[in-house]
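For reference, the structure discussed in these notes is given below.
The values are calculated or read from the model by the stated rules, or taken from the named source; none is laboratory data. Here the structure is a predicted model, which means the values were calculated and not measured. Please note: Cβ atoms are built from the backbone with ideal geometry, for glycine as well, and neighbour counts cover all protein chains shown. The accessibility values were calculated without ligands, DNA or RNA, using every heavy atom of the protein model including side chains. Shrake-Rupley method; radii C 1.70, N 1.55, O 1.52, S 1.80 Å.
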Amino acid sequence: MSRVIIIGGGIGGLASAALLAREGHDVVLLEQQAAFGGRAGSWEKDGFRFDTGPSWYLMPEVFDHFYKLLGTSADHELQLVQLDPGYRVYAEGETEPVDVSADVHETLETFERLERGSALRVAKYLDRAREIYELAKQRFLYSTFVKLGPVFRGEVLASGPRLARLLLEPLDRLVNRTVRDIRLRQVLGYPAVFLGSAPALAPSMYSLMSHLDLVDGVFYPEGGFTEVIGSIERLARAAGADLRSGAAVRRIVVTDGTATGVELADGSVLEADIVVSAADLHHTETVLLTAPESRSYPEEYWQDAVAGPSALLIYLGVEGELPALEHHTLFFAQAWADNFEAIFGSTPRVPETPSFYVCKPSGVDPSVAPDGTENVFVLVPLPADPGLGHGGLDGAGDELIEALADQVIALLAEWAGIPDLATRIVLRRTVGPADFADDLNAWKGTALGPAHVLKQSAFFRPGNMSKKVAGLYYVGSSTIPGIGLPMCLISAEVLVKRLRGDTTAGPLPEPLKTVTTTLAGRALG
């Protein structure tokens with residue numbers, strides 16, 4: 001087996017370390033921050049503990065499959081709670097919220113009350129979403145796309161015209177044909193944001209996302225997503241991986257067109273047979289690869305690429321209870337389309353009245369806040385622009401960021417009917433686009449990664465192996481299959497398949513069996 005160096009200790013890097021160490025490779029993972037997790041980090045102050053990024057536990061079977069590859073299970077590693085309702089929706093101008101139940105039949109009844117005849121149409125929409133999701137799992141999500149034969153066969157070929165429409169028709173057009181009520185359109189369309197995209201930009205194949213939240217349900221790991229990260233870290237160490245924090249990589253060492261190791265910030269060099277970058281792909285290609293001839297995705301590529309949105313994050317500690325908020329609460333502005341135009345349009349700007357998302361984990365997990373208080377996390381999608389500024393503690397961030405935070409807190413209070421919210425805040429921290437750029441080396445300060453528009457989805461997304469440097473691979477949200485914690489777990493499995501030369505389309509058998517592999521990284525592909 002090979003000596004492997006992994007750059008970056010987010011979930012993609014940790015998952016890769018765990019699988020490759022189990023595979024028998026000698027693995028060293030290098031993380032520049034003091035703690036592992038990347039975007040899925042943790043922050044504590046005054047008895048409050050916040051997940052700093054991801055907060056939706058969707059696609060539970062993907063998590064369970066990953067754990068089973070390592071000889072365990074999600075049930076063994078995590079204490080999962082199904083949320084009911086899965087989430088709540090406040091729409092600007094509406095007096096009553098809409099709750100999305102854990103029972104899809106109750107949700108359809110709610111939809112029917114909002115729009116007569118919608119229950120049957122949405123039920124058919126969800127049936128198609130389930131079919132698309134199952135097809136995606138078996139043919140697209142776990143493929144390296146080295147060979148397209150295993151992908152485009154059987155049911156994929158049989159559904160050719162339909163698949164073409166799913167790729168070419170935007171999600172919002174499919175949604176708008178299905179329902180008329182703006183709230184229902186928002187419920188079916190908002191998952192595009194999870195993909196770093198917009199309903200008008202994401203292919204309608206991503207209607208599959210509605211199967212995940214409306215049918216499969218929404219879960220929460222007790223203790224927060226830091227428990228997910230912690231479990232993968234433990235499994236990686238148990239498999240033999242050497243995980244090092246506070247170890248920043250300055251460059252990838254390339255010798256005669258082959259990755260031979262990395263140079264750390266202190267000038268020391270670590271040798272390797274294979275280098276895996278779980279860092280932001282733009283940073284990897286334009287900074288860590290110092291020679292232009294080594295870059296598969298040079299700066300010219302990124303000039304035409306579409307970044308997913310950045311975000312204003314607000315972490316709040318609040319005195320007293322907040323029954324108006326569920327664990328997940330979505331706040332949709334009436335200017336729904338204008339919000340996306342502001343973020344993704346030709347002249348990006350902060351939306352005048354933004355839509356936003358609120359998480360209140362303290363409702364089901366008392367460990368995240370002191371007694372008598374609530375833990376509130378707010379995410380406001382913004383254009384990917386570090387120039388919008390940094391956040392800070394207790395109002396110390398840049399002026400635009402703090403003013404926007406004030407506006408969003410006021411909107412939250414108004415739409416949810418919590419008039420005294422601002423006076424009850426005892427802890428406040430903001431994070432802005434510049435923080436994503438500085439702390440995570442995120443391209444354009446994006447909070448998610450390259451957007452899932454057609455030209456950056458499935459086999460159009462950057463592959464997981466360098467086209468110019470032998471022995472250099474990629475994992476994480478910048479590469480296949482894409483954005484989100486489940487996708488990052490899958491990217492680690494796709495890396496294993498790439499190293500094995502496995503061109504099958506579906507998931508690997510459970511548990512992961514050690515096989516004899518050659519250095520596939522020495523052959524460019």
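A few remarks follow.
- Of everything in region 41-54 that is over 27 Å from E510 (Cα atoms) and outside any strand (DSSP E or B), the residue that is most open to solvent (accessible area, probe 1.4 Å) is D46.
- Filter pass, I490 being open to solvent by less than 30 Å² (accessible area, probe 1.4 Å) and either outside any helix (DSSP H, G or I) or polar (S, T, N, Q) (or both): no
- Yes/no for D64 being open to solvent by 30 Å² or more (accessible area, probe 1.4 Å), over 27 Å from L512 (Cβ atoms) and out of contact with any strand residue (DSSP E or B) (no Cβ under 7 Å at 6 or more places or on another chain): no
- All of L235, L243, L289 fail the test of being among the hydrophobic types (A, V, I, L, M, F, W, C) and more than 30 Å from K137 (Cβ to Cβ), apart from L289.
- Residues of region 263-288 satisfying the condition of being without any contact (Cβ under 8 Å) to a residue 24 or more places away in the chain, surrounded by fewer than 19 Cβ atoms within 10 Å (Cβ to Cβ) and either among the charged types (D, E, K, R) or at positive phi (or both): E263, D266, G267
- Helices (runs of 4 or more DSSP H) within region 101-209 that include 1 or more residues buried (at least 18 other Cβ atoms within 10 Å of the Cβ) and among the aliphatic types (A, V, I, L, M): 104-114, 118-139, 160-168, 171-178, 182-189, 191-194
- A count restricted to region 500-516 and to residues that are in contact with a Gly (Cβ under 7 Å, 6 or more places away or on another chain) and modelled with pLDDT of 95 or more stands at 1.
- Among the residues of region 303-332, the ones that are part of a loop (DSSP other than H, G, I, E, B), surrounded by 22 or more Cβ atoms within 10 Å (Cβ to Cβ) and in contact with a helix residue (DSSP H, G or I) (Cβ under 6 Å, 6 or more places away or on another chain) come to 2 in all.
- Close contacts from region 405-420, counting a first residue that is closer than 16 Å to A333 by Cα and a second that is part of a helix (DSSP H, G or I) and among the small types (G, A, S), with Cβ to Cβ under 8 Å and a gap of 6+ residues or different chains, come to I409/A422; A410/A422; A413/A422.
Condition check ((1) within 27 Å of L489 (Cβ to Cβ); (2) modelled with pLDDT of 95 or more) across all residues:
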site	(1), (2)
E106	no, yes
G117	no, yes
R121	no, yes
K137	yes, no
L141	yes, yes
L148	yes, no
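- Looking only at region 210-246, residues that are among the polar types (S, T, N, Q) and either open to solvent by 40 Å² or more (accessible area, probe 1.4 Å) or at positive phi (or both) come to 2 in all.
Let's see how each residue does on (1) over 16 Å from the mean Cα position of the chain (by Cα); (2) in contact (Cβ under 8 Å) with a residue 12 or more places away in the chain; (3) over 23 Å from F459 (Cβ atoms):
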position	(1), (2), (3)
V156	yes, yes, no
A164	yes, no, no
L167	yes, yes, no
N176	yes, no, yes
G189	yes, yes, yes
M205	yes, yes, no
L214	yes, yes, yes
E222	yes, yes, yes
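- Some residue of region 76-85 being in contact (Cβ under 8 Å) with a residue 24 or more places away in the chain, buried (at least 20 other Cβ atoms within 10 Å of the Cβ) and either out of contact with any strand residue (DSSP E or B) (no Cβ under 9 Å at 6 or more places or on another chain) or among the acidic types (D, E) (or both): yes
- Against the criterion of being over 24 Å from the mean Cα position of the chain (by Cα) and either of a type in the set (D, E, K, R) or farther than 27 Å from P54 by Cα (or both), L322 does not qualify.
- Screening T260 on (1) open to solvent by 40 Å² or more (accessible area, probe 1.4 Å); (2) in a loop (DSSP other than H, G, I, E, B); (3) polar (S, T, N, Q) shows it passes everything except condition (2).
Every residue, every condition in (1) among the β-branched types (V, I, T); (2) in contact with a strand residue (DSSP E or B) (Cβ under 7 Å, 6 or more places away or on another chain); (3) assigned to a loop (DSSP other than H, G, I, E, B); (4) open to solvent by 10 Å² or more (accessible area, probe 1.4 Å), yes or no:
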position	(1), (2), (3), (4)
D371	no, no, yes, yes
L379	no, yes, no, yes
L400	no, no, no, yes
Q407	no, no, no, yes
A410	no, no, no, yes
K444	no, yes, no, yes
A447	no, yes, yes, yes
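- Test: residue in region 458-474 that is in a helix (DSSP H, G or I), over 16 Å from S16 (Cβ atoms), basic (K, R) and in contact (Cβ under 8 Å) with a residue 40 or more places away in the chain: no
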